[in-house]
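A.B. asks: Before I ask anything, here is the structure I am working with.
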Amino acid sequence: MNPPPASARLTPAMRSVLERMARAGHPPMYTLGPAQAKAAYEAGAGVLEVPKAALARVEDFAIPSRDGTPLPARLYAPSQARLPVLLYFHGGGFTIGSIASHDILCRELSRLSGCAVVSLDYRLAPEHRFPIAVNDAWDAVQWLAGQGRDLGLDSSRLAVGGDSAGGTLAAVSAILARDAGLPLALQLLFYPGCAAYQDTPSHKSFAEGLALEAAHIDYFFGHYIDSQDRADWRFSPLNVPDAEGLAPAWFGLAECDPLVDEGLLYADTLRAAGVAVQLEIYRGVTHEFIKMGRAIPEARQAHGDAARALAEALHP
């Protein structure tokens, strides 16, 4: 018996969102130039978000990169207290996305967890190809660990997190932190990219008609990385030689997502190495669902689940 089509597994709310997106008639992002794609993503980023939470602290600043380029960052905190902190990397295939596109999500994680969140604008492809995003992410981790006290933060209690490509950067940063002897309390991974190639069954099952299609993935990775570099674990953390000693991980995966299988494989890799793993699969929803909280109840559930894991890790 053949499995049901991908669309049959969607929740009614998720199906309704995709139908509305299709009726809007916007050209697929993979048909646009990178600058147009960036602008289109920014224009639609907040349409389905929950209301914008007011917080005691929302401050813009910059983090220096290794080549001296200042990287924009934004601090969110629900109080003026010296709080532990999550360093967050936005999604967008290493090509689109920004602090602005993920502003509401970072506000929610801060509000619900009682922790500070620092969101990073790492540099994007095609102007900045692999491994620039990785280097920017790791530079920010080290800077925040060393200088976070100057921002009024308790950066001795530090977590990393991200969604999609940002989840990849968080997972890679956790590996680099382990290797550098820099302790992290948690890696918070929303549907991270973990594999060198898109050859798992979920990439076939969910290749078309959903929020993230095979053509999007090819588009983003074509701008970001050369084919000969794909096996590098800084792009595909599943290829890390040894996962022992990595920070505990929380995974939030979407059932109807090309990336779900590689997320499961990476969670299994961590468990096999003795890493503590919490994993949630949100049924009937697609990639990008965590930014659809006004329409998708599972997004609000995922916000709460992630924030609870963060609070437990950073407020032991």
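The values are calculated or read from the model by the stated rules, or taken from the named source; none is laboratory data. What you see is a predicted model; the values in this text were computed from it and never measured. Counting neighbours? That spans all protein chains shown, and the Cβs are built from the backbone with ideal geometry, glycine included.
A.B. asks: Can you tell me which residue within the stretch 22-80, out of those that are in a helix (DSSP H, G or I) and charged (D, E, K, R), is nearest to Ile96 (Cα to Cα)?
C.D. replies: Checked the stretch 22-80; the qualifying residue nearest to Ile96 (Cα to Cα) is Lys38.
A.B. asks: Also, I was wondering about something else. Could we say that Phe190 is aromatic (Phe, Trp, Tyr) and more than 21 Å from Glu312 (Cα to Cα) here?
C.D. replies: When the stated conditions are applied, Phe190 does not pass them.
A.B. asks: Let me ask something else about it. Name the single residue, out of those in the stretch 109-123 being outside any helix (DSSP H, G or I) and among the hydrophobic types (A, V, I, L, M, F, W, C), that is nearest to Pro70 (Cα to Cα).
C.D. replies: The qualifying residue nearest to Pro70 (Cα to Cα) is Leu120.
A.B. asks: Here's something else I'd like to know. Taking the stretch 205-221 as the search range and keeping residues that are over 17 Å from the mean Cα position of the chain (by Cα) and closer than 14 Å to Phe94 by Cβ, which one is surrounded by the most Cβ atoms within 10 Å (Cβ to Cβ)?
C.D. replies: Tyr219
A.B. asks: Check Cys106 against each of (1) in contact (Cβ under 8 Å) with a residue 60 or more places away in the chain; (2) in a helix (DSSP H, G or I) and name the one condition it does not meet.
C.D. replies: For Cys106, the failing item is (1).
A.B. asks: Of the residues Asp179, Asp136, which single one is crowded, with 22+ Cβ neighbours inside 10 Å, more than 12 Å from the chain's Cα centre (by Cα), among the charged types (D, E, K, R) and more than 25 Å from His303 (Cα to Cα)?
C.D. replies: Of Asp179, Asp136, the one residue that is crowded, with 22+ Cβ neighbours inside 10 Å, more than 12 Å from the chain's Cα centre (by Cα), among the charged types (D, E, K, R) and more than 25 Å from His303 (Cα to Cα) is Asp136.
A.B. asks: Let me ask something else about it. Any residue at all in the stretch 222-231 that's surrounded by 15 or more Cβ atoms within 10 Å (Cβ to Cβ) and in contact with a strand residue (DSSP E or B) (Cβ under 6 Å, 6 or more places away or on another chain)?
C.D. replies: Scanning the stretch 222-231, I find no residue that is surrounded by 15 or more Cβ atoms within 10 Å (Cβ to Cβ) and in contact with a strand residue (DSSP E or B) (Cβ under 6 Å, 6 or more places away or on another chain), so the answer is no.
A.B. asks: Residue under question is Ser113, and the condition is that it be out of contact with any Phe, Trp or Tyr (no Cβ under 9 Å at 6 or more places or on another chain), among the hydroxyl-bearing types (Ser, Thr, Tyr) and buried (at least 23 other Cβ atoms within 10 Å of the Cβ); does it hold?
C.D. replies: Answer is yes for this residue.
A.B. asks: Looking only at the stretch 5-21, how many residues end up being without any contact (Cβ under 8 Å) to a residue 12 or more places away in the chain, outside any loop (DSSP other than H, G, I, E, B) and not aliphatic (A, V, I, L, M)?
C.D. replies: 4
A.B. asks: At pLDDT 95 or above, over 21 Å from Lys291 (Cβ atoms), under 16 Å from the mean Cα position of the chain (by Cα) and aliphatic (A, V, I, L, M): which single residue out of Ala267, Ala254 fits that description?
C.D. replies: After ruling out the rest, the residue left standing is Ala267.
A.B. asks: Within 22 Å of Asp67 (Cβ to Cβ), part of a helix (DSSP H, G or I), in contact with a Lys or Arg (Cβ under 9 Å, 6 or more places away or on another chain) and not hydrophobic (A, V, I, L, M, F, W, C): is that true of Asp139 in this structure?
C.D. replies: The answer is yes for Asp139.
A.B. asks: Return the residue satisfying two criteria in turn: it lies in the stretch 278-298 and is of a type outside the set (D, E, K, R) and either part of a strand (DSSP E or B) or without any contact (Cβ under 8 Å) to a residue 24 or more places away in the chain (or both), and of such residues it is surrounded by the most Cβ atoms within 10 Å (Cβ to Cβ).
C.D. replies: That would be Val285.
A.B. asks: Moving to a separate point now. Could you look through the stretch 176-221, keep only residues that are among the polar types (S, T, N, Q) and out of contact with any strand residue (DSSP E or B) (no Cβ under 7 Å at 6 or more places or on another chain), and pick out the one that is farthest from Val85 (Cα to Cα)?
C.D. replies: Filtering first and then ranking leaves Ser205.
A.B. asks: Give the residue that is surrounded by the fewest Cβ atoms within 10 Å (Cβ to Cβ), with candidates limited to residues of the stretch 242-265 that are in contact with a strand residue (DSSP E or B) (Cβ under 8 Å, 6 or more places away or on another chain) and not in a strand (DSSP E or B).
C.D. replies: Filtering first and then ranking leaves Leu264.
A.B. asks: Working only within the stretch 229-241, note down all residues that are in a loop (DSSP other than H, G, I, E, B) and not charged (D, E, K, R).
C.D. replies: Selection gives Ala231, Trp233, Phe235, Ser236, Val240, Pro241.
A.B. asks: Could you say whether any residue in the stretch 196-204 is hydroxyl-bearing (Ser, Thr, Tyr) and surrounded by 15 or more Cβ atoms within 10 Å (Cβ to Cβ)?
C.D. replies: Yes, the conditions are met somewhere in the stretch 196-204.
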